[in-house]
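Beneath this line is the structure, given in structure tokens, with notes to follow.
The values are calculated or read from the model by the stated rules, or taken from the named source; none is laboratory data. What you see is a predicted model, and the numbers here were worked out from it, not measured in a lab. Every residue, glycine among them, receives a Cβ derived from its backbone with ideal geometry; neighbour counts consider all protein chains shown. Just so you know, the surface numbers come from the protein's heavy atoms only, side chains and all, with ligands and any DNA or RNA stripped out. Shrake-Rupley method; radii C 1.70, N 1.55, O 1.52, S 1.80 Å.
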Amino acid sequence: MRVHHLNCGCMCPIGGAWFDGRSRGATASLVCHCLLIESEAGLVLVDTGFGTGDVRRPDRLSGLFRRMNNIKLQRRYTALGEVERLGFDARDVRHIVLTHLDFDHAGGLSDFPHATVHLMADELHSAEHARGFVARRRYRQTQWAATTNWRPYAATGENWMGFPAVRDLEGLPSDILLVPLAGHTAGHAGVAVHTDGRWLLHAGDAYFFHGEIHGPDRTCPPGMRAYQDLMNVDKDARLENQQRLRALANAPDAGITIFCSHDAGELHILGGQPAEDLVSATS
Ligand SMILES: [Zn+2]
């Protein structure tokens with residue numbers, strides 16, 4: 001299977017390094033790291049970032065998060081824009097596997113209405129029954145109103161690298177696994193992909209800053225720490241999963257590469273795109 005690393009969003013919150021630990025200016029540079037997998041079952045998209053519907057109608061997103069995250073909506077930073085840049089068509093995307101349904105991960109769903117969408121059942125339920133100030137602003141039903149082919153999964157499965165309830169997905173090769181990583185949301189999950197003799201684990205928003213898991217001790221800039229506290233529904237579960245991810249990331253023989261959704265440095269390393277291209281929407 002060939003795996004492409006995509007950038008399907010740019011967010012530039014005021015605070016600079018206070019958020020991303022690296023920017024020198026007043027604004028931070030965060031990406032929406034998605035995967036496009038060329039598999040025997042057709043193209044598989046892992047997360048969808050923002051969509052062309054968000055670019056056309058920014059009011060699909062909540063004003064609060066648009067301002068707080070200083071979201072730069074541009075077509076080239078959508079999953080469809082990235083799929084077309086690679087020479088494919090929207091209809092070539094047969095499956096989408098979601099880490100969760102937050103606005104910065106589900107925006108592209110409306111660009112691929114024919115795809116089968118795999119996710120944890122708890123996540124779909126939470127999003128469809130969103131209550132409370134944050135929940136109603138993070139989950140935006142207009143982003144997935146056209147989606148009919150849902151494949152929700154209960155949290156049952158096998159142990160995989162220390163994580164329970166891991167499972168393969170209907171109609172997809174067993175080289176693609178859904179790995180429950182609750183905490184950021186109730187039905188949050190990672191997506192593991194076996195390629196070139198090792199595992200890639202897209203950890204979604206289980207962590208936001210590489211220093212949280214890539215090193216012996218957790219480090220995280222204060223702004224990003226506060227944002228995660230605002231967004232998580234179960235902080236204990238989130239930190240426990242981070243601890244497991246950290247142990248795995250620091251085990252030299254584990255044969256796994258772990259990355260998250262929003263760290264631009266990780267996408268720069270794995271995607272091979274110059275960091276300035278990843279964040280040029282900021283200029
Ligand atoms: Zn996110």
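So is ASP111 over 18 Å from the mean Cα position of the chain (by Cα), at negative phi and touching a residue at least 40 places away in the same chain (Cβ under 8 Å) or not?
no
Can you pull out the residues in the range 209-229 that are of a type in the set (Ser, Thr, Tyr) and within 16 Å of the ligand (Cβ to nearest atom)?
Of everything in the range 209-229, just one residue is of a type in the set (Ser, Thr, Tyr) and within 16 Å of the ligand (Cβ to nearest atom), namely TYR227.
Which condition number does VAL55 fail, the rest of (1) closer than 30 Å to GLY223 by Cα; (2) among the hydrophobic types (A, V, I, L, M, F, W, C); (3) surrounded by 22 or more Cβ atoms within 10 Å (Cβ to Cβ); (4) over 17 Å from the mean Cα position of the chain (by Cα) being met?
(3)
Any residue at all in the range 200-215 that is at pLDDT below 95 and acidic (Asp, Glu)?
Within the range 200-215, not a single residue is at pLDDT below 95 and acidic (Asp, Glu).
Can we say GLY49 is over 17 Å from ILE176 (Cα atoms) and of a type in the set (Gly, Ala, Ser)?
So GLY49 passes the test.
Which residues, counting only those in the range 121-163, are closer than 19 Å to ALA192 by Cβ and free of Cβ contacts under 8 Å to residues at least 40 places away in the same chain?
ARG151, PRO152, TYR153, ALA154, ALA155, THR156, GLY157, GLU158, ASN159, TRP160
Is it the case that the range 82-103 has a residue that's among the hydrophobic types (A, V, I, L, M, F, W, C) and in contact with a Lys or Arg (Cβ under 8 Å, 6 or more places away or on another chain)?
Filtering the range 82-103 for residues among the hydrophobic types (A, V, I, L, M, F, W, C) gives 83, 86, 88, 90, 93, 96-98, 101, 103.
Restricting the remaining residues to those that are in contact with a Lys or Arg (Cβ under 8 Å, 6 or more places away or on another chain) gives 103.
Looking through the range 82-103, at least one residue is among the hydrophobic types (A, V, I, L, M, F, W, C) and in contact with a Lys or Arg (Cβ under 8 Å, 6 or more places away or on another chain).
Which one of these is away from the ligand (no atom under 16 Å from the Cβ), among the β-branched types (Val, Ile, Thr) and in contact with a Gly (Cβ under 9 Å, 6 or more places away or on another chain): THR116, THR78?
THR116
Pull up the range 228-274, narrow it to residues that are modelled with pLDDT of 95 or more, of a type in the set (Asp, Glu) and not in a helix (DSSP H, G or I), then point me to the one that is nearest to VAL179 (Cα to Cα).
If we take residues in the range 228-274 being modelled with pLDDT of 95 or more, of a type in the set (Asp, Glu) and not in a helix (DSSP H, G or I), then ASP234 is nearest to VAL179 (Cα to Cα).
For the range 186-208: of the residues being within 16 Å of the ligand (Cβ to nearest atom) and touching an Asp or Glu at 6+ places or on another chain (Cβ under 6 Å), which is most open to solvent (accessible area, probe 1.4 Å)?
Among them, the one singled out is ALA186.
Are any residues in the range 113-149 surrounded by 15 or more Cβ atoms within 10 Å (Cβ to Cβ), assigned to a loop (DSSP other than H, G, I, E, B) and β-branched (Val, Ile, Thr), and if so, which ones?
Once the filter is applied, which keeps residues that are surrounded by 15 or more Cβ atoms within 10 Å (Cβ to Cβ), assigned to a loop (DSSP other than H, G, I, E, B) and β-branched (Val, Ile, Thr), the range 113-149 yields only THR147.
Go over the candidates HIS105, HIS114, HIS95 one by one and state the one that is out of contact with any Asp or Glu (no Cβ under 9 Å at 6 or more places or on another chain) and closer than 16 Å to VAL191 by Cβ.
Numbers: HIS105 fails: out of contact with any Asp or Glu (no Cβ under 9 Å at 6 or more places or on another chain); HIS114 fails: closer than 16 Å to VAL191 by Cβ.
Every option except HIS95 fails the conditions.
How many of the residues making up the range 67-94 are buried (at least 18 other Cβ atoms within 10 Å of the Cβ) and free of Cβ contacts under 8 Å to residues at least 12 places away in the same chain?
Residues meeting the conditions: 0.
Restricting to the range 162-173, give me the number of residues that are at pLDDT 95 or above and open to solvent by 50 Å² or more (accessible area, probe 1.4 Å).
2
Just to be sure I understand, how many residues within the range 129-175 are within 19 Å of ASP104 (Cα to Cα) and touching a Lys or Arg at 6+ places or on another chain (Cβ under 9 Å)?
4
Please name all residue pairs, on different chains or six or more residues apart, with Cβ atoms under 7 Å, provided the first residue is in the range 248-264 and is touching a residue at least 60 places away in the same chain (Cβ under 8 Å) and the second residue is among the basic types (Lys, Arg).
ILE256/ARG198
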